[in-house]
Amino acid sequence: MNRIKIYLLLIGVVSLIFGCNEIDQTYGGPWFVYTEAESGEVFESDPEILSVPVVVSSNDYSTQTAVTFKVESENATEGVDFEILNEGRDLIFEPGVAVQNIDIKFMDNDDADGDLEVIISLVSSNKGDYEIGKPGPDNAFSSYTLTILDDDCPFIPEDYSKALSGYETCKWWSDIECSKFEFLFIEEVSPNVYKYDVIGFWSGQIEGNHNDKWFAPGDVVTYLPVPVLIDLNDPVNPTIEILGGVGAVYNGDNYEVKATKADLYLSTCNKEMRFIYQMTDFASWVVDVEFELNFDFK
């Protein structure tokens, strides 16, 4: 029986130290706060939010725990290269909560500025008997070193002039294939502003691979070029301006793209592009609906 108790206690300690998704009340301390990993890498053009988990190892279900962290870098600038999405520099663990995240958003640019390093360090907590980092002399897992990998490549407008398939997402469907798209580079109208004709707007709704597509045997559709401007003057916040016009003639009816200016996600190394467009208000179901298009030009 004693062996069984000891074995179960060891399992509890191991689960507490390495899992820590739940607080184990059988563990008697010391209590500590730590990052789940000590380092990581991400490309600067990655559009996803990076979450760095911070864990409180404790048996205290009854009171709130606050953990303070700091962010330091010698070559990266917060607000330019990355953004911490948490409010302030405190993580608040409500009673019974063991894990909170430090969330980081990355800001792409077209400058070959090399890899950047950001160090996020746990500083203190409001619980005086909680250690920072895992127990031991080296304070392991008390900080997280993030390397933001430079993946900048020059924008070559001709690389984005081709026929290709894309994917459309809106509030009714996700990633329906649109196989009728073509980007035609026209000219650089001003420094870092590029004009294209884009063919294929509406093809997701009319012919896409979803249950509500409009196209049926005997239908006739013609897709027409819609002029757009890609503005890369602000590499952190590039935009695409869809100048509007008839994008498709379907069974004799004109279907227009609304003139709009939208944020543009553009990875010049991965040759990926993502933006939204809107339609004219010909029917109530399209009013204020954003249709997101994703393209891979590789």
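The values are calculated or read from the model by the stated rules, or taken from the named source; none is laboratory data. Fair warning: this is a prediction, and the values are worked out from it, not measured in the lab. Neighbour counts run over all protein chains shown; Cβ positions are idealised from the backbone, glycine included.
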Exercise. Conditions: (1) modelled with pLDDT of 90 or more; (2) more than 24 Å from Phe43 (Cβ to Cβ). Ile104 meets all but one. Number of the miss?
Worked result: (2)
Exercise. Where residues in region 123-139 are more than 12 Å from Ala66 (Cβ to Cβ) and not in a loop (DSSP other than H, G, I, E, B), which of them is nearest to the chain's Cα centre (by Cα)?
Worked result: Ile132
Exercise. Is it true that some residue in region 34-48 is modelled with pLDDT under 95, assigned to a loop (DSSP other than H, G, I, E, B), of a type in the set (Val, Ile, Thr) and within 24 Å of the chain's Cα centre (by Cα)?
Worked result: no
For this session: May I ask you to list pairs of residues, at least six apart or on different chains, whose Cβ atoms are under 8 Å apart, with the first in region 107-128 being free of Cβ contacts under 8 Å to residues at least 40 places away in the same chain and the second being of a type in the set (A, V, I, L, M)?
Result: Asp115/Ile148; Asp115/Leu149
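Looking only at strands (runs of 3 or more DSSP E) that fall completely inside region 158-222, which ones have 1 or more residues that are touching a residue at least 60 places away in the same chain (Cβ under 8 Å) and hydroxyl-bearing (Ser, Thr, Tyr)?
On the way: elements: 163-169, 176-190, 193-199.
Fully inside region 158-222 and qualifying: 163-169.
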For this session: Considering each residue of region 131-169, count those that are within 20 Å of Ser267 (Cα to Cα) and among the β-branched types (Val, Ile, Thr), and give that number.
Result: 4
Seminar exercise, completed: Out of (1) assigned to a loop (DSSP other than H, G, I, E, B); (2) out of contact with any Cys (no Cβ under 7 Å at 6 or more places or on another chain), the one Asp151 does not meet is (2)
For this session: Return the residue satisfying two criteria in turn: it lies in region 241-268 and is among the aromatic types (Phe, Trp, Tyr) and crowded, with 18+ Cβ neighbours inside 10 Å, and of such residues it is nearest to the chain's Cα centre (by Cα).
Result: Tyr255
